[in-house]
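The values are calculated or read from the model by the stated rules, or taken from the named source; none is laboratory data. Every value quoted in this text rests on a predicted model; they were computed, and no experiment measured them. Using ideal geometry, Cβ is built from the backbone for each residue, glycine included, and neighbour counts are taken over all protein chains shown. Ligands, DNA and RNA are stripped out before the accessible areas are found, and what is left, the full protein with its side chains, is counted by its heavy atoms. Shrake-Rupley method; radii C 1.70, N 1.55, O 1.52, S 1.80 Å.
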Amino acid sequence: MSILTAIDVVDWSRAQFALTAMYHWLFVPLTLGLGFICAFMETIYLKRGQDPEWKKMTKFWMRLFAINFAIGIATGLILEFEFGTNWSNYSYFVGDIFGAPLAIEGIFAFFMESTFFAVMFFGWDKVSPRFHLASTWLTAIGANISALWILVANGWMQYPTGMAFNVETARNEMVNFWDIISDVALVKFGHSVTSGFVLASVFVVGISAWFLLKKRNTHLAEKSMKVAAIFGLISSIAVVWTGDASGIYVAKHQPMKLASMEALYQGSEKAPLSIVGILNPKKEIGNDEDPMLWDIKVNGMLSFLAFHDVKSFVPGINDLVYGNTERDIMSTAEKMERGKVAIEQLRLYKEAIQEGDTATARSIVGKFDHTTAEGQQFLNDYFKYFGYGYLSAPTDIIPNIALTFYGFRIMVALGLWFILLFTVILILLHKQRISSYKWWLWVVVWSIPLPYIAGQAGWVVTEVGRQPWTIQDLLPTVASISSLDAAAVKVTFFLFAVLFTILLIAEIRIMLKQIKIGPKE
């Protein structure tokens with residue numbers, strides 16, 4: 001395979017995986033949040049002596065939950081299969097680690113939510129009210145546990161821990177399962193699921209606002225809106241809190257992502273945060289162009305958000321690429337050389353095994369032994385930079401700055417909007433004046449797409465911002481792919497694009513039909 005062909009396969013494989021992941025995330029967050037909203041409503045239904053209005057309302061939102069749940073499964077299955085088809089080198093290199101949380105998700109969490117979903121949706125008149133309520137709660141909890149293990153796997157890719165490299169198999173193998181569930185993974189889980197709660201809350205208040213505008217089921221709509229707005233406001237505040245924690249971990253473990261999010265080329269103490277701004281398209285590393293055409297900055301804010309200290313030094317893109325001896329930051333060129341040393345040792349080991357040179361093979365194995373002083377030094381000085389050995393140039397570590405910069409600001413701006421949205425809704429509901437503000441109800445309706453946009457922007461920052469890495473600092477994307485024909489990947493990309501678009505259109509049409517029908521006995 002030529003270099004150009006390999007790059008073509010990488011680009012199309014990335015595009016295909018991004019397409020699948022982005023479509024999948026259109027369905028997942030609604031499932032995560034709407035399950036809990038249904039559980040809240042059914043709990044109120046029982047607490048109020050099996051009030052028929054609350055049952056009617058709960059069953060309506062469960063219908064929408066069921067539609068979304070079914071279509072989300074289809075995209076999720078395809079996403080997991082792509083690890084084996086398009087990313088076989090990655091799957092072999094870390095399958096022992098990455099596969100564990102995915103297996104737990106499939107065996108435990110998915111079956112849990114699927115089993116109790118059947119009771120929740122079909123068991124209203126077949127099981128006791130308390131058992132049905134328990135099934136609703138377990139479905140919601142199961143969906144979020146499922147998300148936990150998937151996000152643990154993704155969080156491990158952002159910050160790989162709990163592993164040791166086996167030179168004999170050329171694979172990373174699990175050392176401690178619980179180390180894989182790092183603080184990075186847990187914060188990622190918290191931030192992702194709470195954003196799903198916000199999305200579901202906006203979805204419910206938006207549809208409820210439509211009923212109020214149409215003067216249909218107004219009493220039920222106001223009740224639904226109140227439950228969702230309270231849940232949404234609490235979740236929106238939680239998103240801010242988990243986002244702050246996530247920023248600290250990004251600064252610590254993925255400094256290039258942070259620098260790209262701010263288009264920060266030259267690191268500094270009291271680093272400024274651009275509240276809003278327009279990037280200069282002529283700016284490239286090494287030239288004298290200003291990174292911004294226009295922006296509003298707050299000095300010291302980036303340092304504070306990254307390290308909770310306005311005087312902290314935040315490294316810039318230049319520091320991370322070229323190094324900074326004053327700040328003890330190694331250049332990417334040096335990391336590439338060290339990575340090549342580790343790669344060369346693996347080649348020599350394979351050669352020694354083929355030639356029957358056991359002495360040389362044992363010597364190389366010792367260098368990768370994390371239980372000895374020699375091994376720890378080699379792993380820390382050389383294997384730590386293994387992935388850099390596959391890069392072509394130091395500038396390869398710079399992700400797409402425009403996507404990360406603008407994606408981050410879209411996410412943050414919309415997050416603040418949701419706090420305002422839920423607050424105003426609750427004030428108007430408390431004053432019993434929400435129906436008289438038709439213009440505001442239309443604003444609520446047209447806000448339904450916004451959390452979807454915010455969620456997609458967040459994942460763009462997360463995934464594009466860590467490029468070129470499949471596993472941070474350990475395995476670049478270019479070394480992760482399968483040996484495929486680029487044409488085959490292109491064909492499946494467009495097939496998936498058509499399939500997912502059909503599924504999305506089908507869901508929207510079914511959803512709209514059910515919304516027009518409204519709550520029913």
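At-a-glance table
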{"quantity": "Hits in the range 233-267 (condition: in contact (Cβ under 8 Å) with a residue 60 or more places away in the chain and not in a helix (DSSP H, G or I))", "calculated": "GLN254, GLU262, ALA263, GLY267"}
{"quantity": "Scan of the range 268-287 for residues that are touching a Leu at 6+ places or on another chain (Cβ under 7 Å), in a loop (DSSP other than H, G, I, E, B) and farther than 19 Å from ALA245 by Cα, ordered by number", "calculated": "ASN280"}
{"quantity": "Test: residue in the range 158-167 that is modelled with pLDDT under 90, closer than 24 Å to LEU379 by Cα and in a helix (DSSP H, G or I)", "calculated": "no"}
{"quantity": "Candidates PHE27, PHE60, PHE40 - the one that is closer than 30 Å to VAL461 by Cα, aromatic (Phe, Trp, Tyr) and either in contact with a helix residue (DSSP H, G or I) (Cβ under 9 Å, 6 or more places away or on another chain) or surrounded by 21 or more Cβ atoms within 10 Å (Cβ to Cβ) (or both)", "calculated": "PHE27"}
{"quantity": "Condition broken by PHE422, with the remaining ones in (1) assigned to a helix (DSSP H, G or I); (2) at pLDDT below 95; (3) touching a Gly at 6+ places or on another chain (Cβ under 8 Å); (4) not basic (Lys, Arg) satisfied", "calculated": "(2)"}
{"quantity": "One residue from SER195, SER201, SER182 being open to solvent by less than 20 Å² (accessible area, probe 1.4 Å), out of contact with any strand residue (DSSP E or B) (no Cβ under 6 Å at 6 or more places or on another chain), over 30 Å from GLY375 (Cα atoms) and not aliphatic (A, V, I, L, M)", "calculated": "SER201"}
{"quantity": "Flag if GLY142 is farther than 26 Å from ASP473 by Cβ, in a helix (DSSP H, G or I), without any contact (Cβ under 8 Å) to a residue 60 or more places away in the chain and open to solvent by less than 50 Å² (accessible area, probe 1.4 Å)", "calculated": "yes"}
{"quantity": "Residues satisfying the stated conditions in the range 362-406, i.e. open to solvent by less than 20 Å² (accessible area, probe 1.4 Å) and assigned to a loop (DSSP other than H, G, I, E, B)", "calculated": "PHE368, LEU391, PRO399"}
{"quantity": "The one condition in (1) in contact with an Asp or Glu (Cβ under 7 Å, 6 or more places away or on another chain); (2) crowded, with 18+ Cβ neighbours inside 10 Å that ALA259 fails to fulfil", "calculated": "(1)"}
{"quantity": "Residues (at pLDDT 90 or above and assigned to a helix (DSSP H, G or I)) located in the range 476-490", "calculated": "THR477"}
{"quantity": "Scan of the range 341-368 for residues that are of a type in the set (Asp, Glu) and over 21 Å from ASP473 (Cβ atoms), ordered by number", "calculated": "GLU351, GLU355, ASP357"}
